[in-house]
Amino acid sequence: MVSIRKAKKLGIYKAPKYTKDRSKLMADTRKLVEQANRRLKGLNQAGYKGTWASKKLINRIDTKLLNAWSKQGKIKINRTLTNTQLKAIQKATDQFLKSKTSTIKGIRETENSTIKSIQATLSDEKRGLVTIEDAEFYYDMFGNDDFNYFADQIGASTLWQLIDEAIENNDSENDWINRLGRYITLNDLDVRERAIRLYNKYIL
């Protein structure tokens, strides 16, 4: 399926016909979008802009095909969208609204439980009990793209432990590359640069 903009350029765009089903689909989608935009506004004001469920929503609708995310940071729809596009936006919006982390309360509960889980995961006989402050430090790494890149491949807990060991041993940049290199190949320049950025941000 091509985008509406491209279809118009190619001269093959046909405006969707308005039937009762089409009208209901548009009305239902608008209702969901309005509800989601109110929730997004509240999240933004609370400092959770573009995080958790919001991030997933943006990834689903801010595409060339749908183009349903505005520069103002909210969902947008218009009458030129096809039924298929409306249904896709409706589905993504509904998933957002049903997600626990689309609410401030849900995000804070998830943050707290995640931090406690990190604390339990990293605490052992060698380190002793990891403090809440330390767990929050590790938790914040989830907001870093480079951390997530490596965590997806070797696991967050393994990466946290490597970072912890690097800090304890006062690793140089080369020490860190060698340490991380035991778990993942760093021959690719982009991957190596990611590792160096991670070192500069959390270890240096």
*Selection count, region 72-91, where residues are under 17 Å from the mean Cα position of the chain (by Cα) and not in a loop (DSSP other than H, G, I, E, B)*: 1
*Name the pairs: first residue in region 60-71 and of a type in the set (S, T, N, Q), second residue surrounded by 15 or more Cβ atoms within 10 Å (Cβ to Cβ) and part of a strand (DSSP E or B), Cβ to Cβ under 9 Å, at least 6 apart or on different chains?*
63/69
*Could you give me the residue pairs with C-beta distances under 8 Å whose first residue belongs to region 24-42 and is within 17 Å of residue 107 (Cα to Cα) and in the same structural domain as residue 74 (by TED's automatic domain parsing), whose second residue is assigned to a helix (DSSP H, G or I) and of a type in the set (Ser, Thr, Tyr) wherever it lies, and which are 6+ apart or on separate chains?*
36/93; 36/102; 39/102; 40/54
_Number of positions in region 34-59 that are closer than 10 Å to residue 96 by Cβ and either among the aliphatic types (A, V, I, L, M) or at pLDDT 95 or above (or both)_ = 7
*May I ask you to list the residues in region 170-192 that are surrounded by fewer than 14 Cβ atoms within 10 Å (Cβ to Cβ) and either touching a strand residue (DSSP E or B) at 6+ places or on another chain (Cβ under 7 Å) or basic (Lys, Arg) (or both)?*
182
*Determine which single condition residue 115 fails, assuming it passes every other condition in (1) in contact (Cβ under 8 Å) with a residue 12 or more places away in the chain; (2) assigned by TED's automatic domain parsing to the domain that holds residue 26.*
(2)
*Is region 110-120 home to any residue that is surrounded by 13 or more Cβ atoms within 10 Å (Cβ to Cβ), within 18 Å of the chain's Cα centre (by Cα) and modelled with pLDDT of 90 or more?*
no
*Mind counting the residues in region 59-112 that are farther than 18 Å from residue 41 by Cα and among the polar types (S, T, N, Q)?*
11
*Scan region 59-85 for residues that are within 23 Å of residue 148 (Cα to Cα) and buried (at least 18 other Cβ atoms within 10 Å of the Cβ) and jot them down.*
60, 61
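The values are calculated or read from the model by the stated rules, or taken from the named source; none is laboratory data. None of the values given here were measured: they were computed from a predicted structure. Note: ideal-geometry Cβ built from the backbone for every residue, glycine included; neighbour counts use all protein chains shown.
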